[in-house]
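Worksheet for the structure shown next.
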Amino acid sequence: MNDSLLERVSQLPEEPGVYIFKSDKGETIYVGKAKKLRRRVQSYFRKSTWSKNEKVRNIATEAFDLQFILVTSEREALLLEANIIFKEKPKFNVLLKDSKVYPYIYLSDDEYPYLEITRVKARPGTYFGPYTSTGLVRRILELLQRIFGIRSCTFDLSKVKKPCFLYHLKMCSAPCAGKITREEYANRLESLKEFLEGDTIKVRQALLERMNILSQTLQFERAAEIRDILNSMDQLYTFQGVEASYDLKADILVVSSGLATLLQVRGGMLLGKLVFDFPDGTPVDFISQFYYAKGNRLPKSLIVYGLSKSDLKPFKKDFSYIGEPRDDQEIRLLQIAYQNIDEELKMRLNASHSLKQAQQILGLGKFPSRIEGIDISHTQGLYTVASVVVFDNGKPNKTEYRRYRISGITEPNDFESLAIVVKRRYSKHPLPDLLLIDGGEPQVRAVEKAFSEIGIGGYEIVGLAKEFNELVFPDKRGRILLPQDHPVLRMIISIDAEAHRFAVNYHRVLREKRYRSSKLDDIKGIGPKRKKELLKAFGGIPGIVEASEEDLYAILKNRKAVEEVRNWIERKGGD
């Protein structure tokens, strides 16, 4: 044991603070807090503690250095500990891990802020959420635009002079064209924030009053517009599927069985039903990491079991209420949270069973906890792209999905494309437990050859031959044909489908970008629609240059437009 470290521990003050154990490489391995620093840290080096707590023994064994920060209160210690854990992610601390990447509603900090959906909290501005699904967020966003007219575009408004179609659909107040004052826009923003914080009753009441006034003044068309908005609100409440009173603004937290479930209820609407991996975590750990370290917005009330009076003390000033349920409604919501944990455990048990079957049936050397799938997408060799999707323990890990654009290929060649992406990825990233290839034996052989060329072995590959959904291997295992309803085949097909979806989406983005901007912009009378049709029909500028007048007319249906294209070809030669 490090004598200098023990000496440092003996000199710690008996005051409240945060202590940080470091390894011999200077890495933070554990962060803790204590009312009396010396007494708490000394406990890590008692053999009597080691016999009861293996984690404490491991921390003391690996610790090489110690740092500490004095604080003035338990609350300050809790917040400081949470922030250091979030930043450093020490190996021995309980860490809150998202089971998926949840969407947020983002409000920018521009002069006229815009709204959008995001999964990454990286830009300055205000974030609401996280929410359960993108589908729910899109419905909320559409409703907010209809009620408040906050813009959703990200344009530089100084360069826009005319309102877009959303203004005419009454889904934007068009600050770009001066259709709303800065003061009125700011007022609408405040109402929008109140709505997202849960004050839906106030917004609903204001809409009802406006509708009644419009009806009394015989403005029936405008009154009907507000009626439709109110109906959309009611449909949204039905869509989220949980009944709660309109005045409830609370988070419901359950920590159990290595998982944490959080229900977020705002204005009677269930906005989030979130599940996190949280092995050995406590409600206090969750609150400090989720709200304080991650910077998620605090609810008015937090309903949770298992907090003692001393646990509650640091948090009380930040919540109107924190503690056990106060009525039958909150008890019912806690029961729903527990049910979600039960369902998540069942799903994971089923996934684990399927993965164990896959290991046996596919003859894998180890349990396939990490599976990666590769798919290639192109249109007649144009914009060849590859996708890599990642599944951890049977569930998609979208934060690790990657897209690759493959250049230098003008003709369709899936084998060469697969080889390129395999070399690019696995010369930098570790191998998964199983690599799934979209294709049969030729594709699998191409991947096997690529691994050989970069000197990598020890891989496990399986190809999915689409015609009969046969599983193909590069070695003597040959082919396996499973029943269509077999759980292992269903799992592999779902991973392959996700890789295909991700690749096709990227390819579509590149195509649309190409259609939006090209040399054809120079041709008078050729707008975005005709440009897209020409590129799609002839595959690119060279094909258009070689096309006859009859071929061009077959696409454009207009002699004057054909003449403009031919004139452009004569002037530019397609260059």
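The values are calculated or read from the model by the stated rules, or taken from the named source; none is laboratory data. Everything numeric in this text was worked out from a predicted model, so none of it was measured. All Cβ positions, glycine included, derive from the backbone under ideal geometry; neighbour counts span all protein chains shown.
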Quiz item: So which of L312, L274, L302, L262 is closer than 23 Å to N83 by Cα and free of Cβ contacts under 8 Å to residues at least 40 places away in the same chain?
Solution: L312
Self-check item: Residue count for the range 120-172, restricted to those that are touching a residue at least 24 places away in the same chain (Cβ under 8 Å), touching a strand residue (DSSP E or B) at 6+ places or on another chain (Cβ under 9 Å) and of a type in the set (K, R)
Solution: 2
Practice problem: For L334, indicate whether it is of a type in the set (A, V, I, L, M, F, W, C) and assigned to a helix (DSSP H, G or I). | Solution: yes
Practice problem: Restrict the check to the range 116-133 and report whether at least one residue is of a type outside the set (G, A, S) and within 20 Å of T282 (Cβ to Cβ). | Solution: no
Self-check item: Residue satisfying all of: in the range 446-465; assigned to a loop (DSSP other than H, G, I, E, B) and free of Cβ contacts under 8 Å to residues at least 12 places away in the same chain; farthest from the chain's Cα centre (by Cα) among these
Solution: G455
Quiz prompt | Matching entry among E183, E190, E194 (being modelled with pLDDT under 85, part of a helix (DSSP H, G or I), surrounded by fewer than 17 Cβ atoms within 10 Å (Cβ to Cβ) and out of contact with any strand residue (DSSP E or B) (no Cβ under 8 Å at 6 or more places or on another chain)) | solution = E194
Self-check item: Sole exception among (1) surrounded by 16 or more Cβ atoms within 10 Å (Cβ to Cβ); (2) farther than 18 Å from Q11 by Cβ for G32, by number
Solution: (2)
Quiz item: at pLDDT below 85, among the β-branched types (V, I, T), exposed (fewer than 14 other Cβ atoms within 10 Å of the Cβ) and in the same structural domain as R501 (by TED's automatic domain parsing), is that true of T399?
Solution: yes
Exercise. Could you run through the range 302-327 and say how many residues are within 29 Å of the chain's Cα centre (by Cα) and buried (at least 19 other Cβ atoms within 10 Å of the Cβ)?
Key: 5
Quiz item: Looking at (1) touching a residue at least 60 places away in the same chain (Cβ under 8 Å); (2) in contact with a helix residue (DSSP H, G or I) (Cβ under 9 Å, 6 or more places away or on another chain), which is the only condition K193 fails?
Solution: (2)
Quiz item: Can you pull out the residues in the range 245-271 that are at pLDDT below 80, among the small types (G, A, S) and surrounded by fewer than 23 Cβ atoms within 10 Å (Cβ to Cβ)?
Solution: S245, G268
Quiz prompt | Subset of the range 145-180 (residues that are among the charged types (D, E, K, R) and surrounded by 17 or more Cβ atoms within 10 Å (Cβ to Cβ)) | solution = R146, R151
Exercise. Answer yes or no: is there a residue in the range 93-110 that is among the small types (G, A, S) and touching a residue at least 60 places away in the same chain (Cβ under 8 Å).
Key: yes
Exercise. Inspect all residues belonging to the range 330-343 and state whether any of them is in contact with a Gly (Cβ under 6 Å, 6 or more places away or on another chain), at pLDDT 90 or above and not polar (S, T, N, Q).
Key: no
Quiz prompt | Selected residue (criterion: farthest from the chain's Cα centre (by Cα)) from residues of the range 466-489 that are outside any loop (DSSP other than H, G, I, E, B) and free of Cβ contacts under 8 Å to residues at least 60 places away in the same chain | solution = R479
Self-check item: Criterion: under 23 Å from K87 (Cα atoms) and free of Cβ contacts under 8 Å to residues at least 40 places away in the same chain - qualifying residue of V41, V31
Solution: V41
Practice problem: Kindly provide the set of residues from the range 281-310 that are closer than 26 Å to G125 by Cβ and in contact with a strand residue (DSSP E or B) (Cβ under 9 Å, 6 or more places away or on another chain), ordered by number. | Solution: F286, I287, F290, Y291, G295, N296, R297, L298, P299, K300, S301, L302
Exercise. Could you grab me the full set of residues in the range 443-469 that are at pLDDT below 90 and within 18 Å of A499 (Cα to Cα)?
Key: A465, K466, E467, N469
Exercise. Any chance you could count how many residues in the range 14-23 are outside any strand (DSSP E or B) and in contact with a Leu (Cβ under 6 Å, 6 or more places away or on another chain)?
Key: 1
Quiz item: Considering the range 350-377 alone, what residues qualify as being out of contact with any Leu (no Cβ under 7 Å at 6 or more places or on another chain), over 14 Å from E460 (Cβ atoms) and of a type in the set (A, V, I, L, M, F, W, C)?
Solution: A351
Quiz prompt | Failed item in (1) outside any loop (DSSP other than H, G, I, E, B); (2) farther than 22 Å from F502 by Cβ; (3) without any contact (Cβ under 8 Å) to a residue 60 or more places away in the chain, with A419 passing the rest | solution = (2)
